[in-house]
Each structure stands twice: as C-alpha cells, then as structure tokens.
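Down below is the structure, laid out as structure tokens.
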Amino acid sequence: MLFRAFWLLTGFGVSVSGGVSVIGYLNLLTTGQTFKEYLHFITYRPECYLLPIGIIIITLSIYLPYSNEDD
C-alpha cells in the first residue's frame with residue numbers, strides 16, 4: 001500500500017510540474033499567436049510531456065491490480 005501511495009504522489013508531482021508549464025505557456029496567446037500555434041509549440045517542449053506522463057502514473061497506481069505482497 002505504501003508503494004502505491006509513493007507512485008500516486010510521484011505522479012501527482014510530475015503532473016503538477018507539467019501542468020504549470022502548459023498553463024505558463026498560455027501567455028503566448030496574448031502575444032498574438034493562434035491556439036493552433038500554441039498547441040504546435042507545446043508539443044515540442046519536453047517539460048510539457050510531464051503532464052500526460054504524470055496522469056499515466058497516477059492512473060496506473062490507482063487501477064493496477066492489488067497484490068497481497070503490498071501488505
């Protein structure tokens with residue numbers, strides 16, 4: 001159980017880091033770029049990949065089958 005909680009909190013931290021980057025880059029829209037250009041920009045930024053990676057880690061830590069060895 002502690003192992004799953006560790007991965008849950010790790011995934012949460014990683015996704016928050018990526019989410020802050022994605023939200024921070026929304027300031028590009030105020031400089032006159034279109035939403036399509038914004039999406040194109042964040043797809044090539046490595047720190048923006050942390051958001052989906054963190055969400056995947058959280059999902060796996062919640063939904064993977066429970067084994068008796070985690071007691």
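Below is a table of values for the structure above.
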| read-out | value |
| --- | --- |
| Highest-fluctuation residue, Leu29, Leu60, Leu51 considered, GNM on the chain with Cα pairs under 10 Å | Leu29 |
| Whole-percent carbon and sulfur share, accessible surface of the chain, 1.4 Å | 73 |
| Surface per residue (accessible, 1.4 Å probe) for the chain, Å² | 76 |
| Scaled radius of gyration (Cα, divided by 2.2 N^0.38 Å) that the chain gives | 1.45 |
| Nearest-ten-degree value, helix 50-63 long axis tilted from longest Cα axis of the chain | 20 |
| Theoretical gain in end-to-end length, Ile23 to Thr10 [0.36 nm per residue, Cα-Cα removed] | 2.7 nm |
| Value of relative contact order over the chain, rounded to a whole percent, pairs C-alpha under 8 Å and six or more apart | 53 |
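The values are calculated or read from the model by the stated rules, or taken from the named source; none is laboratory data. Being a predicted model, the structure only gives us computed values, none of them experimental. Surface areas here come from the heavy atoms of the whole protein model, side chains and all, with no ligands, DNA or RNA. Shrake-Rupley method; radii C 1.70, N 1.55, O 1.52, S 1.80 Å.
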